[in-house]
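The values are calculated or read from the model by the stated rules, or taken from the named source; none is laboratory data. Predicted, not measured: the structure shown is a model, and the values here were computed from it. In this analysis, Cβ positions are derived from the backbone assuming ideal geometry, glycine residues included, and neighbour counts consider all displayed protein chains. Please note that ligands, DNA and RNA were not included when accessible areas were found on the heavy atoms of the full protein model with its side chains. Shrake-Rupley method; radii C 1.70, N 1.55, O 1.52, S 1.80 Å.
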Amino acid sequence: MTDASTPVPPKSSLYATSDRVKRRNRSETRFRAYGFAAITVGVLALILLVISIVSNGASAFRQTYITIPVELTEARLDPAGNRDPAEMARVTTFGYAPLLAQALQQHLQGQGISMEGVTPRDLMAMISQEAPAQVRALVLANPEIVGQTVTMEMLAGGRIDGYFKGRVTLESAERDSNVSPAQLLLAERMAEAGLIETRFNWAFITGPDASDQRPEAAGLGIAILGSFYMMIVVLVLALPIGVAASIYLEEFAPQNRFTDAIEVNISNLAAVPSIVFGILGLAIFINFAGLPQSAPIVGGLVLTLMTLPTIIIATRASLRAVPPSIRDAALGLGASKMQSVFHHVLPLAAPGILTGTIIGLAQALGETAPLLLIGMVAFVREFPDAPPEGFFDPTSALPVQVYNWTQRSDPAFVERASGATIVLLVFLLFMNAMAVILRRRFERRW
Amino acid sequence: MPLIWIILAVLALGAAGYVLGRKRAVSSAGGDIRILHSLPNYYGMNVFLTAVVPALLVLVVWLLVQPAVIQRQVTQLIPDNDIMESGELSLIMSDVRRVADGLDRALEQGALSREEARMIRSEFTNIRETLASIGVALGDDVNADVLAAAQRYRTLQTTGNTLMTAAVLILAALGLGYAYSRTHKDFRARNTVERAVLSILILASTIAILTTVGIVLSMVLETRDFFHLYPAREFFFGTEWIPSFEGGSHLGLLPLLWGTLYITFIALLVAVPVGLFSAIYLAEYAGRRMRGIAKPMIEVLAGIPTIVYGLFALITVGPMLRDYFAEPLGFGTSSSSVMTAGIVMGIMLIPFVSSLSDDIINAVPQSLRDGSYGLGATQSETVKQVILPAALPGIVGAILLAASRAIGETMIVVMGAGAAATLSLNPFEAMTTVTVKIVGQLTGDTDFSSPEALVAFALGLTLFAITLGLNILALFIVRKYREQYE
Amino acid sequence: MDDMNDMRLVERAVDDKELKIAADGVDVFYGDTHAIKAVDVNILDKTVTAFIGPSGCGKSTFLRCLNRMNDTIDVCRVTGNILLDGEDIYHPKVDPVQLRAKVGMVFQKPNPFPKSIYDNVSYGPRIHGLARNKSELDEIVEKSLRRAALWDEVKDRLTAPGTGLSGGQQQRLCIARAVATSPEVLLMDEPCSALDPIATAQVEELIDELRERFSVVIVTHSMQQAARVSQKTAFFHLGELVEFGDTSQIFTNPKDPRTESYITGRIG
């Protein structure tokens, strides 16, 4: 083989870009564009997701109320006339409903608002089914107001509420058996007269869930409380156990099969599908140990087991980040190994451990699937007791409440589910921001 | 005695022990703490731990075991024909518990006297009404057997709780006494305390193993029961999923597995190119500012709970796909479909793939990039021909991990994929997955002795085995890859 | 006496060579750091030019300017003129990709791609489209490996991974890889610093052979190596070019006191 036979590229000027290089540069540009497009897709997906949730859910924080004076007739509410709450409790919500219907009708007439095309029955349907129960609760709590005329603020029905939020229109009402255009027009007139107003809805955040027919009354109170209880359980169990396990594995464990097995176990547990933890909770905590269903203690235990790997991994990383010189310094002064760890290493690793714990808690807060299996989907109307007994009372949880509401037929629950998601995301945002701030504030470089 | 009081009492005993132990140590040294073997606090700590730890351990074990024991005893009281009638033991047992709790509550509120509660008979009193008046709702009238069981339940519970309180408190006192008696200036308190702390640490780290054992045991035992009721062959190779609670169900795994894999495939089709190209762009092209904005935004996707993605699939992506693709193109009219779940799951996996790929691409040494640029390669040629081939094993590992995530994902498919178990190729059709059916079979009122409920454990075990296999394989590949450049 | 004659022959030969790269007033900044200060160097064709100096003196940085490898570092800024065959390589019309095909580079640490030996060598020709078919590519690979004095050692295992070779072989593979694109200039950044003495000797021998076809610029830490392989030597100190001249002159009769201090081991 001689050099003469090999192709020698023709001598070319650097200023003239060859066709081949032009082609290669075009392919370079294309490749770059793919990369940029990928980023765009990711960012757009995030934006679309946030817009979708916020646009659907923001209105859940506002609610439509009807304000009218109601005469609390003694003959109906307290036939015995002795204001004994126990006896008055015999009058059910069905006894209150006609009272409200009558009050509304009279007030509209008094205000000169035409009820054109709206039957008294339809008129009653404009008030939430929850309203009689609210009035009843108020009366039972203050028996002395019976016989007076009290100005009541009552929830408007779901469709009326939807009309003021733009979810229900006159056109859609034509096709809807639950509401007629005449009702909506009347609602419009009532709004003009100041009887109907839409304002911030605290009950959505503090109130209990409501049944399928009354989306306007459904609130997140129990779910938030349940999630909060579970987070307490997780924090109280996962943090000490996780830190203890990490200290052992990082500082004391000899290299042997037993510790290897633990290490492999932890990394695998971190990747086990969450639903499997639900099965574990169902089989062990509920069916075997007989703990109650839907209880925050069971949810908390399941979430603890799920969160442990996260906390252990974060804790070990921050223990490892403490330089050996600190340990040597303590040991050199005659401290025991245990003293060097608890007096020097652990305090230095604390910010990292805390950050990891918060991130683990945030994950646990958003977890849904395992909670479905341990019965947290159940419909719960009663607030749990204060801890520790409350840990054993049935509750819901924020993410499960979202799921629960998506399974209901009334479209108004879509708004509720999205609103609950906003609350969940706000909590998560807050927790993650706290983790970021902690990290920034206490980050130490050795 | 309520639990919290028992715990507080034990802790109070411990605290007293701490003070006593410390004092005794100091006085045994004649007030000169320099001649003590350990610091005085260690003597106190020793007494505290000896009093508290065994007592609390017994308490926890007791709490876990007592319900199971009581349940067994009470169950014997319920005649078989009752079980036949209501179809299920667990339903009766929950009635029993409610009645028992109701009686307790009636006592508390004064609706019944202690004597009345003990002597109450279903023949003379309408228990349902009595209990309803204090806010305990019962589904049925209470029959004599249930009431007897409930009474037995109450006695056992009371006896159990008394015994537990006694046992725990006595143990705490004994521990205190023993440790106190051993406290002396030459006692090696620090070593003892440190040994105790070390065993607590070891105990904590075995929880990981216990969890795995718990997972495997809980599923293996129930799966064994399932295979007694339903042939394993038909489960693994059956192509039909038609559960029916009257019996004669077809519980074939294949349609569920098909749905799972199909959705996983589509999710990877979205996540792998987008995630990989994002990682490449961020690692090789993006400027500092761009990285500072885009990277956190992509990572935010990873922090969003799956329920939110599920909602996104349900209210936005599903209807959008149906209105703009499936219906106009004649692929179907379902808003929940393989496509919906797949795309949304793909979005969820983007940050997962991209951050793993980012790590892996950054692990490729700079010298290889230099070598390629030095030969006149463009950036994209370097990425495609040097970096990606070098990073390939790591990226394969990342994709396997993503696949394992997708297979085990539950909420997105529950809300986005549908519930119909079909073996179809149409991606716009609703299909179902293993996880959807686990949720479906185990939520609501379930009878844990029927194959329709037990099948969920077999599904869970299958899921666990698949994801575990994928994870181990992926971790192995990634570790091998890391070693290559260390 | 023979040696002396040889030396003169080499010197005379050098004087006939044509100018390959002319650097004129080159400054390099890393962010706010002024790394290279007003350097003028003329690099001749078919000559080995050595850059020497204490570490951190900027010799590698300057070398990387010659094929615009510094472009890959965001904060790096180059001013002044560097002409390759009379053409400014920092001219906006110049594509660095095309430039690097003409000015190849070998790095400090052997960095074969995790591919086969064949793929390593054929990588450059492939991306630049130097071969019309497989047999031409085979030829280029063989010729390049021969030029890198590696052919006999690897001809039976061209499909084996390049990372499996010994350190010295890997570095020669990297030289073969650089040679395969038929560059006009070959830049070598301390090519022997990661090699043992025997491998170093082989690579040095190779550099001497490469001089027949290419202009070679080598950065080295070792003064002995510069003396052994180069005809021209440039001494850098604190980002400045202190002295540039024939190797024999620099080592025997340095004009600048700093050069003398370095050569005699007082600084460095």
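The residues of region A:273-287 occluded by other protein chains by 30 Å² or more of accessible area, set against the chain on its own, are A:PRO273, A:ILE275, A:VAL276, A:ILE279, A:LEU280, A:LEU282, A:ALA283, A:ASN287; surface from heavy atoms, 1.4 Å probe. Once the Cα atoms are used to define both axes, helix B:254-280 deviates from the longest principal axis of chain B by about 70 degrees.
Taken along the Cα-to-beta-carbon direction at a fixed 7 Å, the label points for C:ASP74 and A:ALA58 span 3.5 nm. Put simply, the amide H of C:MET188, placed in the peptide plane, has neighbours under 5 Å in C:VAL106, C:VAL217, C:ILE218, C:VAL219, leaving out anything fewer than 5 places away on its chain. Other protein chain C-beta atoms within 10 Å of residue C-beta, averaged over C:182-191: 1. Expressed as a whole percent, the accessible area of chain C that falls on carbon and sulfur atoms is 49 (1.4 Å probe). With the alpha-carbon atoms of chain B aligned to their principal axes, the span from lowest to highest coordinate is 87, 75, 42 Å, starting with the largest. Charge dipole of region C:194-240 (Cα centre as origin; +1 on each Lys and Arg Cβ, -1 on each Asp and Glu Cβ, all else neutral): 140 debye, rounded to the nearest 20.
Going by average Cβ neighbours within 10 Å, how do the peptides C:45-54, B:338-347, B:161-170 rank, with the highest at the top?
Highest-to-lowest ranking by the protection proxy: B:338-347, C:45-54, B:161-170.
Interface residues of region A:233-257, defined as those losing at least 50 Å² of solvent-accessible heavy-atom surface relative to the isolated chain (probe radius 1.4 Å), are listed as A:TYR248. Each Lys and Arg contributes +1 and each Asp and Glu -1, all at the Cβ; summed about the Cα centre of chain A, the dipole is approximately 2580 debye. Think of region B:267-389 as a dipole: +1 on every Lys or Arg Cβ, -1 on every Asp or Glu Cβ, centred on the Cα centre; then among B:GLY292, B:TYR281, B:LEU268, B:GLY292 lies furthest on the positive end. Over the Cα atoms of region B:295-339, what is the Rg over Rh ratio if Rh follows Kirkwood? Radius of gyration over Kirkwood radius for region B:295-339 works out to 1.13. Here the Debye sum runs over all C-alpha atoms of chain C as equal scatterers in vacuum, and log10 of I(q)/I(0) at q = 0.09, 0.10, 0.16 Å⁻¹ comes out as -0.41, -0.51, -1.27.
Solvent exposure of chain B amounts to 46 Å² per residue of accessible area, where only protein heavy atoms count and the probe is 1.4 Å. When the solvent-accessible area of chain B is split by element, carbon and sulfur atoms take up 63 percent of it, the probe being 1.4 Å.
Taking both sides together, the accessible area buried where C meets A is about 2000 Å² for a 1.4 Å probe. Computing FRET efficiency as 1/(1 + (r/R0)^6) for A:THR93 and A:ASP212, where r is the C-beta to C-beta distance and R0 is 25 Å, gives about 0.90. Averaging the sequence gap over all C-alpha pairs within less than 8 Å and six or more residues apart, then dividing by the number of residues, gives region B:250-484 a relative contact order of 30 percent.
Please report the antiparallel percentage of the DSSP beta bridges confined to the protein assembly as shown, to the nearest 5.
Details: 40 of 58 bridges.
Beta bridges within the protein assembly as shown, antiparallel portion: roughly 70 percent.
Taken residue by residue and averaged, Cβ atoms of other chains lying within 10 Å of the Cβ of A:369-379 number 4. For the chain pair B and C, the interface hides roughly 1600 square angstrom of accessible area in total, found with a 1.4 Å probe.
For the protein assembly as shown, the equivalent ellipsoid built from the Cα gyration tensor has semi-axes of 73, 41, 29 Å, listed from largest to smallest.
Relative contact order for region A:221-442 using alpha-carbon pairs under 8 Å, separation at least 6, rounded to a whole percent?
On the way: 289 pairs, mean separation 67.4, N = 222.
The value is 30 percent.
Among B:221-229, B:380-388, A:410-418, the peptide with the highest mean count of other Cβ atoms within 10 Å heads the list, and the full ranking is A:410-418, B:380-388, B:221-229. Ordering B:ALA377, B:THR433, B:GLY416 by Cα displacement along the dipole of region B:337-477 toward the positive end leaves B:ALA377 in first place; charges were set at the Cβ atoms of Lys, Arg (+1) and Asp, Glu (-1). Of the Cα atoms belonging to region C:87-198, the radius of gyration and Dmax stand at 14.2, 45 Å.
State in Å² the accessible area per residue of chain A; use a 1.4 Å probe, count heavy atoms of protein chains only, and round to the nearest integer. Please list the in-between numbers first.
Values: 19820 Å² over 446 residues.
Heavy-atom SASA per residue in chain A reads 44 Å².
Computed over the Cα atoms, what is the radius of gyration of region A:221-442 divided by 2.2 N^0.38 Å, N being its residue count? Intermediate results must be reported in sequence, preceding the final value.
Details: Rg = 19.7 Å, N = 222, 2.2 N^0.38 = 17.1 Å.
Taking the Cα Rg and dividing by 2.2 N^0.38 Å, one obtains 1.15.
Sort A:TYR34, A:TYR163, B:TYR373 by heavy-atom solvent-accessible area, probe 1.4 angstrom, most to least.
Ranked from most to least accessible, the order is A:TYR34, A:TYR163, B:TYR373.
Put a dot 7 Å past the Cα of A:GLN255, heading toward its Cβ, do the same for A:ASP19, and the two dots end up 6.2 nm apart. Ligands, DNA and RNA aside, B:LEU203 has an accessible area near 110 Å² when probed at 1.4 Å. With the convex hull constructed from alpha-carbon coordinates only, region C:177-268 shows a mean projected area of 6.5 nm² over all directions.
For region A:148-230, carbon and sulfur atoms together expose 53% of the accessible surface, with a 1.4 angstrom probe and every protein chain in place. For A:ARG83, B:ARG369, A:ARG320, the ranking by accessible surface with the largest value first comes to A:ARG320, A:ARG83, B:ARG369, using a 1.4 Å probe. Reported to the nearest whole Å, the Cα centre-to-centre distance from region A:317-390 to region B:144-187 is 31. Modelled label positions at B:LEU261 and B:ASP186, each set 7 Å beyond Cα in the direction of Cβ, lie 7.4 nm from each other.
Relative to the 2.2 N^0.38 Å rule of thumb, region A:62-200 has a C-alpha radius of gyration ratio of 1.09.
Working out 0.36 nm times the residue gap between A:GLU74 and A:PHE430, then minus their Cα-Cα distance, what length gain in nm do you get to one decimal?
Contour length minus the Cα-Cα distance gives 123.1 nm.
Summarise the partner chain shielding of A:29-37 as one whole number: the mean count of Cβ atoms from other chains within 10 Å of each residue's Cβ. Average neighbour count from other chains, rounded to a whole number: 6. Estimated at the nearest 10 Å², the accessible area of C:PHE251 is 50 Å² with a 1.4 Å probe.
Computed over the Cα atoms of chain A, the ratio of the radius of gyration to the Kirkwood radius (Rg/Rh) comes to 1.17. Take the accessible area of chain B alone and of chain A alone, subtract that of the pair, and you get about 6700 Å² summed over both chains, using a 1.4 Å probe.
Listed here are the pairs C:LYS46/C:LYS232; B:LYS384/C:LYS134; C:LYS20/C:LYS143; B:LYS384/C:LYS115; which of them are more than 19 Å apart at the Cα? Long pairs (Cα-Cα over 19 Å): B:LYS384/C:LYS134; C:LYS20/C:LYS143. A Cα-only calculation for region A:156-271 places Rg and Dmax at 27.0, 80 Å. Across region A:362-373, coupling constants 3J(HN,Hα) worked out from phi with the 6.51/-1.76/1.60 Karplus curve, θ = phi - 60°, read 4, 4, 4, 4, x, 6, 10, 3, x, 5, 4, 6 Hz, and Gly and Pro carry x.
Between C:ASN253 and C:HIS91, the C-beta separation translates, for a Förster distance of 45 Å, into a calculated FRET efficiency of about 0.75.
For chain C, the relative contact order works out to 26 percent when only alpha carbon pairs closer than 8 Å and six or more residues apart are counted. To the nearest ten degrees, helix A:130-141 and the longest principal axis of the Cα atoms of chain A are 80 degrees apart.
So how much slack lies between B:LEU39 and B:ALA419, counting 0.36 nm per residue of separation and subtracting their Cα-Cα distance, in nm?
Difference between extended and current length: 130.2 nm.
Global size of region B:245-399: 19.9, 74 Å for Rg and Dmax (C-alpha atoms, Rg to one decimal, Dmax whole).
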